[in-house]
Each structure stands twice: as C-alpha cells, then as structure tokens.
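Taking it in order: structure first as structure tokens, then the write-up.
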Amino acid sequence: MHLRHKVATGAAAAIGVGSVLALLPSIPAVAHGSMSNPPSRAYVCKTEGPETPKSAACKAAVAAGGTQAFYDWHEVSRLEAGGNHRQIIPDGQLCGAGRDKYRGLNLARADWPATSVSPGPLTVTYHATAPHANSNFEFYITKQSWSPTQPLRWSDLEHIRTFNNQNPTQFTNWTINLPQRSGRQLIFSIWQRVVGSTEAFYTCSDVNFGGSNPTPVPTPTPTPTRPTPTPTPTPTPTPTPTSQPGGTWRAGTAYAVGATVTYGGVTYQCLQAHTALAGWEPPNVPALWRRL
Amino acid sequence: MKRAVPAVVLGSLLLSGCGADSIQELRGGPAGHGAHDAAGAPARPMPAQGTHSGSEHGSDQGPGEDSAQGPDRSAQGAGAGVPAPSPAPPVGTAAGVAFNPSDVMFLQMMVPHNAQGVRLVRLVRDRQVRPEVRELAEAIGVTQERESVSMSGLLDAWGRPATAEDDEHAAHGGMPGVSEEEVAALIAASPAEFERRFLDMLIAQQDDAAQMAKVEVVTGLHPEVTEMARLVDVSRTAQIARMLTLRGK
C-alpha cells in the first residue's frame, strides 16, 4: 500500500492523539506502474474504482482479495525478484506476483474485461507512475492451448519480445507482434529493473481475438488459486490445541496468559494470550513471552 | 562527512523499497538514509513526462533470439544485466558492528510501517470481530510496538533519525502503508463487512512488510538487522497464513 495521505505515525501523534484519522499533510504517493493498454487486471479494476467495482470479475477480485490490490495497482511487484521470476512466483499466481495482497488478480475467469485484438502489430502502453531508468520489459502471450478458466502457469506463456535497457517515461509505448490466436488470451509482462534494484513488476492483460478457446484439457495439477468465498457465516477455525504447562513451545498452540513453555532449554511465561506462530518463538517476542 | 563513493558494481544490490535509483542515493548520511545530494555522482537525466516510444536499440530479443539455453527457454525472455543481489558496502559502524544503507532504510521504513499496523489493529478494539481475530490483532499490536523499540534504538545508536523524510520516498516508490481513503472505508464498513475488510487490509499490510524484509535479508549487512528482517518475513508470512484461514480464503 502506498501513502496518499500519511496516517499519523508516532512522531506526529501529537496532532491528534488517539485519533487514527489524525492526518499529516502528505506527499502524494507514487509507486511504479502497470500496463494501461491493453490494461492489466489491476488497471481495469482500479479504473472501475476499488470501492465501486462494476464488472463481475472486479467484484469477485475485491471479494476474494480486498481493495488493497487496486489502491496499489501500480505496485504489483516483487522487490527481491532479480530475474528469478519463475522461482519465486508459483504457477497459478503469476498475475498476482505470488503475493497474497494481490491474490484477487489470479482468479481464473472467462469474464475479465478484455481488450479486442488481432494478430499482427499491437502498440502496448505502460503507465509508469514512477518511471525508473534502465529496465527490461518482457512481453508474453498465452499459448493457444491455454483457457481462461485455467490458472495461469509459466508453461502457458509464449515469449513475444523483450526490450532491454529501456528508460520508461510516464507513458511508454512499444510495438509487439501478436501471433495467430483465437478466443481469450492473456498478455503478460515483466518489468525488471536493472540499475539499483532487483524489483520486478508483473501484469496480466486480458485480450480477446474473437472466436473461441479450445475446450480446457483437465490437468493433473491442482488449482492453486483460492476459490471465491461465498457470503456465508464466517467459518470457525479448528480449535487450536492448548498447552501443557512447561511443555515445549510449538507453533499452532494457543497460549493463555501465565502459560509456561520451554524453548531452547529456557522456560518462558506467556504475557499475552495468542496462538503461537513461526517467527513468534519465545526469545524473539519479549512482548509475548517473559523469560523466567 | 565525506564518504568515498564505492565503485558502482552491477552485482551490488540496493534496497528498492525506497526505490533508490543509484548507489549514490543510498550513501546515507547524517540527514537520514538515501541522502540524495549525490555529490560527485554523475547527473542522471530525469525521465521526461509524457509519452514516448520505447527504444528498440539496446539489446532486443525476439522469438528465437534468446541467448540462454534451457529446457523451458521458449517461455523465457529474460533481459540483460539483471543484478545479482548482494549487500552494499558499509556506511557506518556502531559498537564495532558495521551497517549499510539497506540496514538504515529497512529500519527507517519499518518503524512507521509498524506504527501504522498498530493503529490498524487497534481499530478492532471497539468493533465486533471473532475472538480469534481480536486475539491475533492484539498480539500483532504488542509485538510490533516492541519491535519498533529495538529498531528505533538501533537507529539512535547509529545517529540516524527514526524515519526518513517524506520527500526521500516521493521520488521513488513511496512509503508502503495505508491511505486515508482505505482506513476511512474500513471504519465505515458495516458490522457484517468489517472483519473481512480488516483482515484483507492487514494481510496487505503484512505482505508489504514481508517484501521489505525479504530484500533486507539479501542486501543488509548488520547481522542483528538482517536477523530482524528474517523474523519480520517469517512472522508476517505466518500471520498472513493465519488470517487467510480465519477469513475462509
């Protein structure tokens, strides 16, 4: 998420103590960018409005993953990518850059708003809110064998063209040659920064060549995308195991105030009720555990 | 204090959370991380506004022109010159331990980011949410407050401010965080919607933190800070998994 108006941090809390909406004058946030033509899924839904999605697909994306993906439409990125896109982004999560924040973009639907295209030259546009010099832009299109109700895998992509050592401006155009296709396809781009950063940005733009897609062939790979939740009462999680006094700390265990555990041979006492998680081992979180 | 500008090496990676575009920008200095005076650095032309056509000069790879080989090469169009991540050289030492610009930037971004997270989770206090959600929110609040104490303490020991100036971020990617608009939408949410919206917002917030942490682990120099970053990555990732479970995905 990026700041449009900075929510008061500690230093400025004096302006409105206790008020979450105590705001500072802000620097308008700029981030990086996304494909504006043909528009990426993030671009489409942010244009519809994060709080006012119009299309069924954007409504579903917000329902599945929240509005944050569309407030931060220009930050669908991996800071640590460094060209290792296929290693860090699992199949089925390409459109969302493998990040839970952007999981709504991964929905495998045949009704994402799509731009009509034809085989042959296509001028594409990248809208960079914060252009970065010296970047590489890679463009891909789905193979004819792909179908929009299938999660997008790396093996579904056919490379079109890469432009290296680019210096994008606010709106940068390239011309790429679209191969013969019919039906709905995805144009996928990777904007990999080269100087000063390993950050890479990812976009999925739904396009329609007209005609039909092949009937999807069932794949043995399980669908990694999460199904859209239905409006039912929220589920109760499986009760977490409660601890034995003095037992070894274990992630997933619910600890009450006063509970004792051992970890690394040391005994700790719980200060705040919580369910233990990785990263919250007793020596790491003095706010939760007091060493005895 | 003048610092020798290290030779720019393509393999020397810089934290991009602040989106700094050159090593010079991450030299740091008494004014805080990412001092942009860039004294002695070659002037970098500002990208022009407006539309232009991407260059077709420079190395360009079309189908069949990819230079690398591999079993899935037909799907790969990896560009040239992507930097391999590695820590930048140190810019200071405290108590005999060296730190670099990535360390400074990570701490300066996490302190306010944690504060925003604390304010988010406190929104739950006077709203109807399930006990499990409340418990998680409270635990996140106290742990992040405590983290910030450690982080601020380090910055203080290093003679660096707790946060970077706003404008040090504006030219780059901006500082990750919640917007006024998003918080207002959450507060205005109906009781039936509040918990889901809260979880989505916090998932996004923690995802942003994990991103910053992943980069620091690779680009940081100071062992205590890179370990803090590792724990931020692990803990936020675990929290996200828990929240997705609570949300019913």
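Among the residues of the stretch A:130-141, is any under 18 Å from A:Pro214 (Cβ atoms) and either modelled with pLDDT of 95 or more or in contact with a strand residue (DSSP E or B) (Cβ under 9 Å, 6 or more places away or on another chain) (or both)?
For the stretch A:130-141, residues under 18 Å from A:Pro214 (Cβ atoms) and either modelled with pLDDT of 95 or more or in contact with a strand residue (DSSP E or B) (Cβ under 9 Å, 6 or more places away or on another chain) (or both): present.
Quick check: anything in the stretch A:59-69 touching a residue at least 12 places away in the same chain (Cβ under 8 Å), crowded, with 24+ Cβ neighbours inside 10 Å and not in a helix (DSSP H, G or I)?
Let us first name the residues in the stretch A:59-69 that are touching a residue at least 12 places away in the same chain (Cβ under 8 Å), namely A:60-69.
Those still in the list that are crowded, with 24+ Cβ neighbours inside 10 Å too: A:61, A:65-69.
Next cut, not in a helix (DSSP H, G or I) only: A:66-67.
Yes, there is a match, as at least one residue in the stretch A:59-69 is touching a residue at least 12 places away in the same chain (Cβ under 8 Å), crowded, with 24+ Cβ neighbours inside 10 Å and not in a helix (DSSP H, G or I).
As an exercise: evaluate B:Glu224 against (1) buried (at least 20 other Cβ atoms within 10 Å of the Cβ); (2) more than 8 Å from chain A (Cβ to nearest Cβ) and give the number of the one condition it does not meet.
Going through the list (1) buried (at least 20 other Cβ atoms within 10 Å of the Cβ); (2) more than 8 Å from chain A (Cβ to nearest Cβ), B:Glu224 breaks only (1).
Look through A:Gln93, A:Gln87 and report the one residue that is of a type outside the set (Val, Ile, Thr) and either in a helix (DSSP H, G or I) or without any contact (Cβ under 8 Å) to a residue 24 or more places away in the chain (or both). Spell out how you get there, then give the answer.
Working: A:Gln93 fails: either in a helix (DSSP H, G or I) or without any contact (Cβ under 8 Å) to a residue 24 or more places away in the chain (or both).
Going through A:Gln93, A:Gln87 in turn, just one is of a type outside the set (Val, Ile, Thr) and either in a helix (DSSP H, G or I) or without any contact (Cβ under 8 Å) to a residue 24 or more places away in the chain (or both): A:Gln87.
Of the residues that make up the stretch A:115-129, is at least one within 12 Å of another protein chain (Cβ to nearest Cβ) and in a loop (DSSP other than H, G, I, E, B)?
From the stretch A:115-129, those within 12 Å of another protein chain (Cβ to nearest Cβ) are A:123-129; that's our starting set.
Now narrow it down to the ones that are in a loop (DSSP other than H, G, I, E, B): A:129.
Scanning the stretch A:115-129, I find at least one residue that is within 12 Å of another protein chain (Cβ to nearest Cβ) and in a loop (DSSP other than H, G, I, E, B), so the answer is yes.
Mind checking whether some residue in the stretch B:120-143 is within 12 Å of chain A (Cβ to nearest Cβ), closer than 30 Å to A:Gly33 by Cβ and modelled with pLDDT under 90?
Among the residues of the stretch B:120-143, not one is within 12 Å of chain A (Cβ to nearest Cβ), closer than 30 Å to A:Gly33 by Cβ and modelled with pLDDT under 90, which makes the answer no.
For the stretch A:29-41, which positions are more than 21 Å from A:Phe209 (Cα to Cα) and either in a helix (DSSP H, G or I) or within 16 Å of the chain's Cα centre (by Cα) (or both)? I'd like the intermediate steps shown before the answer.
The first filter runs over the stretch A:29-41 and keeps only residues more than 21 Å from A:Phe209 (Cα to Cα), leaving A:29-34.
Within the stretch A:29-41, A:Ala31, A:His32, A:Gly33, A:Ser34 qualify.
Restrict the check to the stretch B:96-108 and report whether at least one residue is part of a loop (DSSP other than H, G, I, E, B) and surrounded by fewer than 22 Cβ atoms within 10 Å (Cβ to Cβ).
Here is the first cut: in the stretch B:96-108, the ones part of a loop (DSSP other than H, G, I, E, B) are B:96, B:100.
Adding the requirement that they be surrounded by fewer than 22 Cβ atoms within 10 Å (Cβ to Cβ) leaves B:96.
Yes, because at least one residue in the stretch B:96-108 is part of a loop (DSSP other than H, G, I, E, B) and surrounded by fewer than 22 Cβ atoms within 10 Å (Cβ to Cβ).
Within the set of pairs 6+ apart or on separate chains, which have a first residue in the stretch A:104-117 that is more than 16 Å from A:Val62 (Cβ to Cβ) and surrounded by fewer than 20 Cβ atoms within 10 Å (Cβ to Cβ), a second that is of a type in the set (A, V, I, L, M, F, W, C) and at pLDDT 95 or above, and C-beta atoms under 7 Å apart?
Taking only residues 6 or more apart or on different chains, the pairs are A:Thr115/A:Val207; A:Val117/A:Leu178; A:Val117/A:Val207; A:Val117/A:Phe209.
Can you tell me which residue among A:Val257, A:Val285, A:Val266, A:Val261 is among the aliphatic types (A, V, I, L, M), without any contact (Cβ under 8 Å) to a residue 12 or more places away in the chain and at negative phi? Break it down into steps so the answer makes sense when it comes.
Values: A:Val257 fails: without any contact (Cβ under 8 Å) to a residue 12 or more places away in the chain; A:Val266 fails: without any contact (Cβ under 8 Å) to a residue 12 or more places away in the chain; A:Val261 fails: without any contact (Cβ under 8 Å) to a residue 12 or more places away in the chain.
After applying the criteria, what remains is A:Val285.
Pull out all pairs, ordered by first then second residue, where Cβ-Cβ is under 8 Å, the residues are six or more apart or on different chains, the first lies in the stretch B:111-139 and is assigned to a loop (DSSP other than H, G, I, E, B), and the second is at pLDDT below 95.
Pairs that qualify, where the first residue is assigned to a loop (DSSP other than H, G, I, E, B) and the partner is at pLDDT below 95, are B:Arg127/B:Pro191; B:Gln128/B:Pro191; B:Arg130/A:Thr234; B:Arg130/A:Thr236.
The values are calculated or read from the model by the stated rules, or taken from the named source; none is laboratory data. Worth saying up front: this structure is predicted, and the values here are computed from it rather than measured. Note that we place each Cβ from the backbone using ideal geometry, even for glycine, and neighbour counts take in every protein chain shown.
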